[in-house]
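Encoded as structure tokens, the structure appears first; notes follow it.
Quick note: the coordinates plus some simple rules give every number you see, no bench work behind them. Predicted model only: the values in this text are computed from it and were never measured. Using ideal geometry, Cβ is built from the backbone for each residue, glycine included, and neighbour counts are taken over all protein chains shown.
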Amino acid sequence: MAKQSLIKEFFLFIKHEKKWWLIPLIAVLLIVCTLLALASSSPLAPFLYPLF
């Protein structure tokens, strides 16, 4: 439950402080982290290496 409140608090911070530019930055970081996790432990790794 603490994780949900942290995410909710983060989005409330973005809304209150008008830091809308953080949303694409966080999205790109999550996508890169996901691709790195898949590249290290997945049979799809040979297909993901050309992306990096």
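Of note:
- All positions within segment 12-26 that are surrounded by 10 or more Cβ atoms within 10 Å (Cβ to Cβ) and under 30 Å from Leu51 (Cα atoms): Lys19, Leu22, Ile23, Leu25, Ile26
- Count - residues of segment 38-52 that are part of a helix (DSSP H, G or I) and surrounded by fewer than 11 Cβ atoms within 10 Å (Cβ to Cβ): 6
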